[in-house]
Amino acid sequence: MLEIFHTITPFIEVLIISIMLNYLLSFFWKTKSMDLVLGFFAFFFILITSSWFNLPVLHKIMILIGNVAVIAVLIIFQPELRVALSKLSLKNRRYRDINEFDKFLDQLATSVYRMSEKRVGAIIALENEDSLQEYAQKAIIINAEFSPELLETIFAVNTPLHDGAVILRDRVLMASSVILPLSEDNSQLAKSMGTRHRAGLGLSHSTDALVIVISEESGKVSIAREGIMTRGIKIDRFKGIIRSIFNPPIHGKLQTKFNLFEWLKR
C-alpha cells in the first residue's frame, strides 16, 4: 500500500501545484498585478540558471534580492492578496449581494476614472463601520440610489452641489456638499495637494471610512484610509482595495462569522 502511495505521490504533487498555479494566474490575469507574476517567473528562472551554471555571485545576489522582495510584495500588494485569500474561505462564498456589489463597484470605478480623465475634482467617502451621519446631517441630504450619472452631475463644475464631499452608505448616496475635517498632519501631502486631499486624510484619521479623492489639477486618483494617503491608483488596484474592505456586503456590513447551518442549506 505504501509503495503504491509513494508511486502516485509525484502525480499528486503535480496536480496540487497545477491547481495553485491555475488559481494564481486566473486571479492576476489581465491586471497590473500580472506584471508581478511575470516578474516572479523571470526571477525564478535567473535564480535556477545561476545555480545550474555555477555562478555563485549572481546566485547570492538573487537570494538577497528575493528575501527583500517577499516582504515588499506582501506590503505593496496587501489588498490584492487579501482578496485572493478571502476567495479561499468558505465564509465568502455564495453571497446574495455579490452580483449587485460587483455592478456597483464597476459603476463607481468607471465614474471615478471618467472624472479623472476630465480632471473633475471630487471627494467621495465610503462609509464603513463608523457612521458618517453627523457629517451628512450638516450637508445636503439626498438619499438616492447610486448611479454614475448622479455622481458625475453632482461634481460637474459650476453646479450648486459640487463643493464638498459625497457620502456613500452601501449603494445609497446619502449626502453631498459635505464638509469634512481637515488633517493637521500634512507630512503625507505634496505641495500639489489641496483642500480635498487634506479633508480626505482628515476623515480617515477620525473614522474607518475609505475616502476617494480626484485631483482637479492632475486628475490622479488617491485613496485615504486609516490616516494613510495613497496617490496615483490605477483602476484595477482601485477595485482591489475596495473589494478587500467592503466585499462581500451583507445588508451593508461585512459578515464576520461563518454559519455552517446556513451554508449547508444553500
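The values are calculated or read from the model by the stated rules, or taken from the named source; none is laboratory data. Predicted model, so just to flag it, every value in this text is computed and none were measured. FYI the Cβ positions are ideal-geometry reconstructions off the backbone, even for glycines, and counts take in every protein chain you see.
Just one of the listed residues (L132, L161) is touching a Ser or Thr at 6+ places or on another chain (Cβ under 8 Å) and without any contact (Cβ under 8 Å) to a residue 40 or more places away in the chain, and it is L161. Of the set (1) modelled with pLDDT under 90; (2) over 14 Å from the mean Cα position of the chain (by Cα); (3) of a type outside the set (D, E), all apply to I76 but (2).
Give the number of residues within the stretch 94-139 that are among the basic types (K, R) and crowded, with 18+ Cβ neighbours inside 10 Å. Steps first, answer last, please.
As a first pass, look at the stretch 94-139 and keep what is among the basic types (K, R): 94, 96, 103, 114, 118-119, 138.
Going one step further and asking which of them are crowded, with 18+ Cβ neighbours inside 10 Å, we end up with none.
The total comes to 0.
Among residues that are modelled with pLDDT of 90 or more, buried (at least 20 other Cβ atoms within 10 Å of the Cβ) and not in a helix (DSSP H, G or I), I142 is not included.
Scanning the stretch 58-71 for residues that are over 27 Å from the mean Cα position of the chain (by Cα) and at pLDDT below 80 yields a total of 3. Taking the criterion of being exposed (fewer than 11 other Cβ atoms within 10 Å of the Cβ) and assigned to a helix (DSSP H, G or I), the residues of the stretch 39-63 that qualify are F41, A42, F45, W52, P56, V57. Being surrounded by fewer than 20 Cβ atoms within 10 Å (Cβ to Cβ), farther than 20 Å from D102 by Cα, in contact with a Lys or Arg (Cβ under 8 Å, 6 or more places away or on another chain) and at pLDDT 90 or above, is that true of even one residue in the stretch 145-166? No: the stretch 145-166 contains no residue that is surrounded by fewer than 20 Cβ atoms within 10 Å (Cβ to Cβ), farther than 20 Å from D102 by Cα, in contact with a Lys or Arg (Cβ under 8 Å, 6 or more places away or on another chain) and at pLDDT 90 or above. For the structure I just gave you, tell me whether I233 is modelled with pLDDT of 90 or more and either of a type outside the set (D, E, K, R) or under 14 Å from the mean Cα position of the chain (by Cα) (or both). Criteria met by I233.
Yes or no, residue by residue, for (1) outside the structural domain of L132 (by TED's automatic domain parsing); (2) surrounded by fewer than 17 Cβ atoms within 10 Å (Cβ to Cβ); (3) closer than 16 Å to G194 by Cα:
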| site | (1), (2), (3) |
| --- | --- |
| A209 | no, no, no |
| I212 | no, no, yes |
| S215 | no, no, yes |
| S222 | no, no, yes |
| E226 | no, yes, no |
| M229 | no, no, yes |
| G232 | no, yes, yes |
| D236 | no, yes, no |
| F246 | no, no, no |
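Quick check on I140: is it in contact with a strand residue (DSSP E or B) (Cβ under 6 Å, 6 or more places away or on another chain) and more than 21 Å from A224 (Cα to Cα)? Steps first, answer last, please.
Numbers: in contact with a strand residue (DSSP E or B) (Cβ under 6 Å, 6 or more places away or on another chain): yes; more than 21 Å from A224 (Cα to Cα): yes.
In short, yes.
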